1. Starting from the Cα gyration tensor of the stretch 266-369, take the square roots of the eigenvalues, sort them a ≥ b ≥ c, and report rounded, prolate or oblate (rounded when a/c is under 1.5, otherwise prolate if a/b is larger than b/c, else oblate).
2. Given the whole protein assembly as supplied and a 1.4 Å probe, what does the accessible area of residue 62 come to in Å², nearest 10?
3. Out of the total accessible area of the stretch 198-254 (probe 1.4 Å, heavy atoms of protein only), what percent is carbon and sulfur?
4. In what sequence, largest accessible area first, do 433, 103, 73 appear using a 1.4 Å probe?
5. If ligands, DNA and RNA are left out, what is the accessible area of residue 551 with a 1.4 Å probe, given in Å² to the nearest 10?
6. Among 326-335, 439-448, what's the highest-first ranking by average C-beta atoms within 10 angstrom per residue?
7. List the residues, sorted by chain then number, that are 5 or more residues from residue 341 or on another chain and whose placed amide H is less than 5 Å from its amide H.
8. Give the accessible surface of the stretch 363-426 per residue, rounded to a whole number of Å², with probe radius 1.4 Å and ligands, DNA and RNA excluded.
Amino acid sequence: MECSLPPSEGHPPALVAAILDALTAHVAILARDGSIVAVNTAWRSFCRQQCGPHCPNRAGHDVGTNYLRACRECTGPEAEDGRAAAEGIAAVLEGRLARFSYEYACPVPGIGRWFVLEATPLEGDHTACLVAHWEITDRRIRENAVRESEAKFRHLFDTMTQGAFVQRADGSLVDINPAGLELLGLTRDEFLGRTCMHPEWRVLREDGTPWPGEEHPSMVALGTGRAVVGQTAAVFNPRRRDFVWLAINAIPRFRPGESKPHEVFVTLHDITGLKAREGDLARQARTQRAIANSSAALLGATREEDFLREACRIVRADCGYAMVWVGMAERDAARRISLAAIDGFDEDLAIIPPVSWADDEAGAAPTPTAVRTGRPVVCDDIAADPRLGPWKALAARLGLRAAAAFPLLDEAGAAFGVLSVYSRQAHPFRPDEIHLLTVLAGNLAVGIRSLRLRRAKAEVDGMLAKLREEVQGILEWQVAGQTVAAIAHQINQPLNAITTFGEAALRLMRDLRPPPDRLEAAVATMAGQAERAGHILRQLLDLFRRNESTYEALAPADLVREAVDLVGQGTLPCHVRVLAPPDLPRIRANRVQVARILVNLLENATEALAGADSTAVIAPIGVSLAREDDAVVFTITDTGPGLDAAVAPRVFDPFFTTKPRGIGMGLTISRALAEAHGGSLALVVPQGRGAAFRLALPVAS
C-alpha cells in the first residue's frame, strides 16, 4: 500500500495500510483539498491494468494526485461521470453531504463493467474522506436482465390479443392490458377502480344464471392457491351494450417461500363468435328437428285443422320461439288473413286486431308482406321497426321483440297462407335458420295441399261411388228401356199364340167330336209359348236383381276357373285352355255378375263348337288373360263356324239370336254388366273359322 498519512494516536500508518489492503474494494483516502493521501493495492492494481485510458481511476491513482481535479479533467465518454463524481466528493469534503454514491460504467476493451463510487467522511470529520469503488457488474447484469424481462413481459402483456389482468389477494385490480379493456368495455381508470365485488359487474354463467363475485375464477384461485382454467362466462360490455362470452383462466402467483398467493394472473379469451356459431348450430338442429317432426305429423294427420295445430306446437317447442301461428289468405275484398292455428298465446284472441294483407299501413308488417310478396320477411327488432307501428303495443304487452313470416305457396308460387314466428329476443334470426324455416314453411304448405287433396279425393270418391250406383241403375234401366218394345213384342207373340190356339182348342172342344191330333197340337203350342214367355221373364229378373251389386278386388284367373267349373256342369262337353300370366293385378268386380258374363261367353263357344264338325268339337276353347293399361282383358276364342259379316254387327241387339232355341238376351245383358263395371265387351271376328269376344274390366285401385 502507498500511504502518506501522518502518524496518529491509536492508528499507526502500518495498521491503516494493512486494513486498507485487506479490502477488496478499490479504496483511496482524500484530503480536504481532494488530494490522494492513501490508496490500497486493489485501487492501484485495477487502475494500472484494467481501466481505460480516460477512466478517473487511471488518471488519478497516485498518492499526491488531486483526485477531484483528475475527475473534472476526464474526457471522452467518461467526462460526464468524472464531473459528477468530483461534485459529489467535494460536497462530502465540504460537509454539504453526509454520504455520496454514484454508479458509472467503466468500459474495458471488449468488456462492459459497472462500478459504484461511494464517498464518506472519515470518523465524521469532513476534513478527509474515504473514496471506494465497488464493482457491481454482476448486479447490473442481473438488474438489466430483470428490466429487459419486465419490458418484454410488458410488451407481450400490452400486445397480446387475449385480455389479461392482475388481481391482488385483497381483491383489488392492479393492472390490465388493452385487449382486456376492449373486451370488458371499460377505461383503465374504470377497471382499476373496481374489485370483483363491484355492483356494476354483470357476469353470467354458461347456463344464464348470475355469477356472484366471490365465486369468480380469480377469487377461487386466490382462495385455493390452485389454477382455475377453462371457465366460461358472459360479461356485459357497456360499450357494445351486449354480453361478451369469455373463456377464463386464473393462475395464482406466489412470493418465494410463501404458500398463499399474493396475486392472480387472469386471461380472457373472446369466444363470442364461437358461442354464436354454437347457438346457430343448435338452432339449426332444432329447426331441422321441427321439419322432421312436422313431416311425421303429416303422415298421421287426417284433418287440416289438427295438422296445423300440431305443426305450430312442434315449431314452438323444437325451435324455442315464444309464439307461432298459421294464417290463411282470404281472397275477399278485405283481403283478410284468417287464423287457422296458434300456439304460445294464452290470452283472449279478441285482443288481436284483424289482419289484412292489403298494401296499406297495417299491411306493412311481416305477415301481410310475406303473403303479398311471396317471400320471407324478418323483423329483428319490433320496437325499432317503423313497419310495426300498429302492432308495437300488442307486441310489448306479450313480450315479443322480433318476428318473421314465411309464405305458404301453392303450385303456381302464389301465397295461400303464412307461417309467423315470434321471439322474446332481438335479432334472433340467422341466415341459416331463415333458410331452414323457409324449408319448413314449404313442407307445411305441401302438407296442407296434400291434406286438401286427400279431402277432395275422398269427396270425389264418395261422389263417384254414388254416381257409380246411379250410373249402374241408369245402365240397367237403359237396357230395360231399350228392350221394352221388344219385350212387349216378344211377350205378346207367345201370348197371342196362346190366345189364338186357346180359342181354337175351345172351338174344337165345343165340337162334340174334336179331332184328337188337332186338339193336342193346339194345347202343345200353347204350353211351348207359355214356357218361352216365362224364360224371357226369368232372364229379366236375373238382370235387375239388386242383391248382386257388391264390388271387391278379385283375381281374374280365379273368376275364369269358377266360370269353367260352372259350364262344365252342363250337358255339352267343355274343353277350355286358360293362359294367364302370374303377375296379373286384381280387378274391381262383382263376382256373380262377372261369372254370368264369362259363363255366357263360354256356353256360346261350347254351343258353337257343338254345331261344327266332329274334329272341331274336340278343339278346346281358348281363354287368355293380359293386362292392357289400367284394365285386365279376357279373350274367349273358339273354332266354331263363326259369324258372317251381316250377323256380327247385331249380336248385342236385344232378342237377336242365331240359336234355334235362344231368346237373344245373353250378350245384351253381358255387355250391360261389363259397362256397369266400367269395362267393355266386344266381338272380334278373326281370320278364318271361329269367333272371339274381348272382355275388358278395370284394375282395382
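The values are calculated or read from the model by the stated rules, or taken from the named source; none is laboratory data. As the structure is a computational prediction, the values presented were derived from the model and not from experiment. Heads up, the Cβs are rebuilt from the backbone with ideal geometry, glycines too, and the neighbour counts pull from every protein chain shown. Heads up: the accessible areas ignore ligands, DNA and RNA and are worked out on the full protein's heavy atoms, side chains in. Shrake-Rupley method; radii C 1.70, N 1.55, O 1.52, S 1.80 Å.
1. Oblate is the answer for the stretch 266-369, as a/c is 1.5 or above yet b/c matches or exceeds a/b.
2. Estimated to the nearest 10 Å², residue 62 gives 60 Å².
3. 50 percent
4. Values: 433 5, 103 75, 73 120 Å².
Per-residue accessible area, sorted high to low, gives 73, 103, 433.
5. Rounded to the nearest 10, the figure is 40 Å².
6. Result, highest mean first: 439-448, 326-335.
7. 326
8. Computed with neighbouring chains in place, this is 41 Å² per residue.
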